[in-house]
Amino acid sequence: MNTQAATSVPPISIPLCVPYLGEAKAMQWIQAAIASNYVSSVGPYVDQFEREFAAYVGAQHAVACSSGTAAIHLALIVSGVGAGDEVWAPTLSFAATINPILYLGAVPTLCDAETVTWNLDEELLCGEIARRARTGEKMPKAIVGVHLLGDLAPLSLLRATCVAHHIPLIEDAAEAVGGRYADGRHAGTLGTLGCYSFNGNKIMTTGNGGMITTDDPTLARRAKHLSTQARLPGTAYDHNEVGYNYRLSNLSAALGLAQLELLPEILSRKAAIAARYREALVHFSGIDLHEPPPWSRPTHWMYSVRVSRAETGIARDEVLHALRAAGIDSRPLWSPLHTLKPYAHLPRLFAGGAHTGSVAEVLFSEGISLPCSAGLSEADQDRVIGCLRALWQNRGLTTDQG
Ligand SMILES: *Cc1c(COP(=O)(O)O)cnc(C)c1O
């Protein structure tokens, strides 16, 4: 049976975001790992990858993990989070930001977003901390901030408040490897601990993998210990607590080292793609380009814009369908977690109270991520832009300067 004829939707010819591997270099590193016979969680490349990653982001210590989710899980444990503890996290993020909180029997409070970078509304959080300080209510055990879609979160106020109240701040920088603030500090290095992901769809990849960074040697040592089954040094199988099999493999670290060499090129390609989208879409009526504030040097992991339904009359899903009909993949943003079944019962921190609408839902209803693989050709990008232009012009909307 010809399934293609039945659906009439062409296969995807422009994917959303696929890895940029630099095959020759990647093969060299992987071949060397195989030649050394070290392919698992022991081997020189894991340590080298940690050293080079820590140096790259400007952290004192790095602990390589089997995934970004594992990194967040360990970061929470070493921050002292346990059963019954309250941990604040954004409602507008990937589920992996909060799942590890739930693994620990702790309770995530889902916090609303702000409209500039779409990250945690730090004024809302700081206001709640100040209120609790006045009433003597219990503070959250930890806060997980996310750099959503590679956009640096405004964290200076929140960071200072966390320091003042001794609340560990964990940065989920899974989507922001290489993202910086204007003063040069990397995403993941402001808080107590930073967590990164090297999944296949992220900025750089090790297949599956992640990293924790911190300047605190005690936290780093404990995270590494827990990632290797909490086994004590020596030949005996002696364990002093319940550990995890969360160490990155030497084979994955080999790919990580190759990707780290390629990272500047990946980031500059991503930036060029973002600049070309901006140049074209800035003239479209009703599109909010979600431009980074002056203090932010984002990674443009997922190039995303907002289409104002009120100004264009175009619904988000109409844009997704028009692109898909042209063989182009695009996506809505992460579903606000409080709107999903496994998380709907969790406590919320919204400006208007738990039962009001959230900024996150408005962003979700209008946000679209466009194809932005580091290897995206200009011709393919022009096809994406052309498809959007046709949709806009079809509705009599402006798409040009004049
Ligand atoms: C990808 C991602 C993670 C999880 O990383 P994995 O390596 O896939 O486990 C966590 N948080 C965010 C925001 C992510 O995008």
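The values are calculated or read from the model by the stated rules, or taken from the named source; none is laboratory data. As the structure is a computational prediction, the values presented were derived from the model and not from experiment. Backbone-built Cβ (ideal geometry, glycine too); neighbour counts: all protein chains shown.
Away from the ligand (no atom under 15 Å from the Cβ), part of a loop (DSSP other than H, G, I, E, B) and farther than 23 Å from TYR343 by Cα: which single residue out of GLU137, GLU123 fits that description?
On the way: GLU123 fails: part of a loop (DSSP other than H, G, I, E, B).
It is GLU137.
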Original post:
Is there any pair linking a residue in the stretch 18-45 that is under 26 Å from ARG231 (Cβ atoms) to one that is outside any loop (DSSP other than H, G, I, E, B) and aromatic (Phe, Trp, Tyr), with Cβ under 7 Å and at least six apart or on different chains, and which?
Top reply: ALA33/TYR45
Original post:
Would it be correct to say that ALA83 is at pLDDT 95 or above and either within 23 Å of LEU148 (Cα to Cα) or not aliphatic (A, V, I, L, M) (or both)?
Top reply: no
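Within the stretch 163-214, considering only strands (runs of 3 or more DSSP E) that don't extend past its boundaries, which have at least 1 residues that are within 15 Å of GLY256 (Cβ to Cβ)?
Working: elements: 169-172, 193-197, 210-214.
In the stretch 163-214, 193-197, 210-214 are the strands (runs of 3 or more DSSP E) which contain 1 or more residues that are within 15 Å of GLY256 (Cβ to Cβ).
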Original post:
So CYS65 clears everything in (1) of a type outside the set (Gly, Ala, Ser); (2) within 16 Å of the ligand (Cβ to nearest atom); (3) without any contact (Cβ under 8 Å) to a residue 60 or more places away in the chain except one condition, right? Which one?
Top reply: (3)
**OP:** State all residues of the stretch 115-158 that are surrounded by fewer than 20 Cβ atoms within 10 Å (Cβ to Cβ), within 20 Å of the chain's Cα centre (by Cα) and within 23 Å of TYR196 (Cα to Cα); if no residue qualifies, say none.
**Re:** VAL116, SER156
Subject >> Residue in the stretch 373-391 that is outside any loop (DSSP other than H, G, I, E, B), surrounded by fewer than 18 Cβ atoms within 10 Å (Cβ to Cβ) and of a type in the set (S, T, N, Q) present >> reply: no
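Based on what the data block shows, is ILE12 among the hydrophobic types (A, V, I, L, M, F, W, C) and not in a helix (DSSP H, G or I)? Outline the logic, then answer.
Values: among the hydrophobic types (A, V, I, L, M, F, W, C): yes; not in a helix (DSSP H, G or I): yes.
For ILE12, the condition - among the hydrophobic types (A, V, I, L, M, F, W, C) and not in a helix (DSSP H, G or I) - is met.
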**OP:** Could you check how many residues of the stretch 309-337 are out of contact with any Lys or Arg (no Cβ under 9 Å at 6 or more places or on another chain), within 16 Å of the ligand (Cβ to nearest atom) and without any contact (Cβ under 8 Å) to a residue 40 or more places away in the chain?
**Re:** 1
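For the stretch 185-213, give me each residue that is of a type in the set (S, T, N, Q), more than 11 Å from the ligand (Cβ to nearest atom) and buried (at least 24 other Cβ atoms within 10 Å of the Cβ).
Initially, the stretch 185-213 is screened for residues of a type in the set (S, T, N, Q), giving 189, 192, 197, 199, 201, 205-206, 208, 213.
When the remaining residues are screened for being more than 11 Å from the ligand (Cβ to nearest atom), the result is 189, 192, 213.
Residue satisfying the conditions is THR213 alone.
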Subject >> Total residues in the stretch 389-402, condition among the aliphatic types (A, V, I, L, M) and in contact with a helix residue (DSSP H, G or I) (Cβ under 7 Å, 6 or more places away or on another chain) >> reply: 2
Original post:
What number of residues within the stretch 269-296 are surrounded by fewer than 18 Cβ atoms within 10 Å (Cβ to Cβ), charged (D, E, K, R) and within 19 Å of the chain's Cα centre (by Cα)?
Top reply: 1
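For the condition under 18 Å from GLY207 (Cβ atoms) and either out of contact with any His (no Cβ under 6 Å at 6 or more places or on another chain) or within 12 Å of the ligand (Cβ to nearest atom) (or both), what is the one hit in ALA71, ALA95? Step through it out loud before you land on a result.
Values: ALA95 fails: under 18 Å from GLY207 (Cβ atoms).
ALA71 is the lone residue from the list that is under 18 Å from GLY207 (Cβ atoms) and either out of contact with any His (no Cβ under 6 Å at 6 or more places or on another chain) or within 12 Å of the ligand (Cβ to nearest atom) (or both).
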**OP:** Among the residues of the stretch 80-102, count how many are surrounded by fewer than 24 Cβ atoms within 10 Å (Cβ to Cβ) and either over 21 Å from GLU175 (Cβ atoms) or under 13 Å from the mean Cα position of the chain (by Cα) (or both).
**Re:** 9
